[in-house]
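Working notes, structure below.
Laboratory data are not the source of any read-out in this text; all were calculated from the coordinates shown. This structure is a prediction, so every number in the text was calculated from the model and none was measured. Methodologically, a virtual Cβ is constructed for each residue, glycine included, from the backbone with ideal geometry; neighbour enumeration extends over all protein chains shown.
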Amino acid sequence: MEKELESLISLLAKDSEEEKELVAKAYHFAKAAHEGQKRFSGEPYFNHTFETAKNLAELGMDATTVAAGLLHDTLEDTETSPETIEKEFGKEILFIVEGVTKLGSLRYHGSDRYNESLRKLLLATSKDIRVLIVKLCDKLHNMRTLKFVSPDKQERIAKETLEIYAPIAYRLGIRKLSRELEDLSFSYVNKDGYKEISSLLKEGYEERLENLEKFRKSVTKELVKSGLTSFHSDYRVKGLYSLYKKYLKYKKDIEKIYDILAMRLMVEKTEDCYKALGIIHAAWRPLPGKIKDYIAFPKQNGYQSLHTTVFTGDGDLVEIQIRTEEMQKEAEYGVAAHELYKKEGERNINKKDINLWIKNISSHDPADIKNDFLSERIFVFTPKGDVIDLPTGASAIDFAYAIHSGIGDKMSGVKINGKLSAIHSILKGGEIVEIITNKNARPNRKWLEHAKTTFAKKHIKNFG
Ligand code: MN
């Protein structure tokens with residue numbers, strides 16, 4: 001067996017003969033399909049699909065998803081037909097590969113309104129969350145190799161990643177992915193900021209780390225002395241992008257940021273978290289206002305942990321994050337570590353659970369007044385693939401005004417999925433809508449009966 005394939009298989013969480021065979025088959029299939037194709041870097045195209053699959057395996061995804069990762073570009077970039085994928089690999093893998101291919105055709109805009117719609121659309125259309133996870137791992141490899149792409153493209157791709165894909169990874173709770181996506185894109189989107197914060201981080205880093213290590217030993221001693229023995233600790237370095245945001249928030253006063261390095265304490269049970277917090281607070285004075293209980297009150301993406309910042313006694317302040325092993329895994333891998341994917345022999349993932357879960361995380365956005373945003377919105381497309389987000393029941397009139405008031409005012413007809421239709425037609429999610437304009441056309445008060453959005457109504461009223 002090829003070494004490369006062997007290393008990929010060794011990463012699989014479970015490796016029954018059946019799963020090994022599936023991954024090996026997808027490996028050989030994709031390699032043959034991409035034969036002769038090259039990337040910008042000059043390396044074989046197959047390296048990209050291989051690295052995508054490797055990222056998936058490293059997240060602990062199942063063999064089906066890893067195989068889909070190997071195949072994710074075969075429909076778009078090779079002669080392979082959907083029928084062949086289905087015949088060779090089954091419906092489930094075809095579904096994932098087709099989903100990833102579709103997501104690739106959505107267009108990104110530098111406007112917040114579009115981006116928020118796009119994020120919601122991505123969450124809503126990926127009925128099987130594995131589609132999104134493959135897409136994110138695909139992005140990760142593209143970002144890691146972005147230096148080979150032309151500079152103008154670099155910036156667009158990096159922005160798209162920073163504004164769309166990294167936040168999605170974050171919402172899915174996959175911090176391991178979102179952190180790297182953020183830091184990679186940050187280095188292209190804001191080169192000066194990136195340089196500034198990197199050099200600040202380097203400054204005094206050794207000393208900071210030394211102090212933290214010393215403190216970590218004292219904490220370990222104190223915990224053992226108080227009867228807590230089953231735990232381990234390490235530390236984490238704050239991601240550059242998230243550090244930079246905090247740095248700006250504190251008006252560039254780096255001294256006010258106490259969690260550049262943070263100590264992490266992993267214990268067995270939830271009650272041990274509180275026990276450890278008590279022991280630590282009895283020995284070191286905590287900084288008021290910095291004690292956070294994300295166990296009782298988890299973050300929107302499911303993150304759980306206790307945070308506290310204490311005075312070490314050497315004039316230093318250190319943040320300590322206390323959690324169980326389980327919470328730690330959840331904090332890094334989020335939905336990728338979710339039990340839904342881990343049940344032995346359970347090929348049919350419970351779609352209802354996942355949809356509920358997606359709905360849950362995407363509706364927790366504080367900006368959302370309505371909880372069930374997704375069920376009350378539809379997403380339709382312009383002929384170029386731009387996403388327009390409208391309330392359920394909206395008509396082509398609303399669509400026209402959503403693009404631009406000038407388009408609404410000059411609307412004379414509409415094509416829905418290529419067919420001429422009535423302008424008051426109610427739109428359905430996923431339709432492609434093309435507005436026909438005429439410079440002599442003007443809004444009609446009758447349109448008011450068919451307009452659902454306040455924006456469209458306001459413009460129609462203004463006219464008459
Ligand atoms: Mn790809």
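Numbers below:
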item: Positive-pole candidate from Ile388, Ile174, Phe231, dipole of the chain, charges at beta carbon; result: Ile388
item: Cα principal axis extents for the chain, largest first, Å; result: 82, 60, 43
item: For Ser412, distant residues with modelled amide H under 5 Å away; result: Ile436, Thr437, Asn438
item: Added length on full extension, which subtracts the Cα-Cα distance from 0.36 nm per residue, Phe311 to Asn47; result: 90.2 nm
item: Listed residue (Ser405, Phe311, Gln37) projecting farthest to the positive dipole end of the chain, Cβ model; result: Ser405
item: Isotropic mean projected area of the C-alpha convex hull, the range 140-274 (nm²); result: 10.2
item: Neighbour-limited loop hits for GluC sites (Glu not before Pro), the range 418-464 (at most 13 other Cβ within 10 Å; DSSP other than H, G, I, E, B); result: none
item: Sorted by Cβ neighbour density within 10 Å, fewest at the top, the residues Phe46, Phe297; result: Phe297, Phe46
item: Point-to-point label distance, Asn438-Glu255, nm (Cα→Cβ direction, 7 Å offset); result: 7.1
item: Unit charges on C-beta of K, R, D, E only; dipole of the chain, Debye; result: 2120
item: Sorted by Cβ neighbour density within 10 Å, fewest at the top, the residues Leu243, Leu261; result: Leu261, Leu243
item: Ranked list, fewest to most other Cβ atoms within 10 Å of each Cβ, for Ile168, Ile435, Ile407, Ile416; result: Ile407, Ile416, Ile435, Ile168
item: Spin-label pair His232/Glu2, simplified geometry with 7 Å Cα→Cβ offset, distance in nm; result: 3.4
item: Cα-based shape type of the range 243-312, given that a ≥ b ≥ c are square roots of the gyration tensor eigenvalues and the cut on a/c is 1.5; result: oblate
item: Additional length obtainable on full extension of the chain from Lys147 to Lys457, 0.36 nm per residue less Cα span; result: 106.8 nm
item: Euclidean distance between Cα centres, the range 259-285 to the range 188-240, Å; result: 15
item: The range 153-211, dipole about Cα centre (Lys/Arg Cβ +1, Asp/Glu Cβ -1), debye to the nearest 20; result: 360
item: Euclidean distance between Cα centres, the range 1-31 to the range 410-464, Å; result: 53
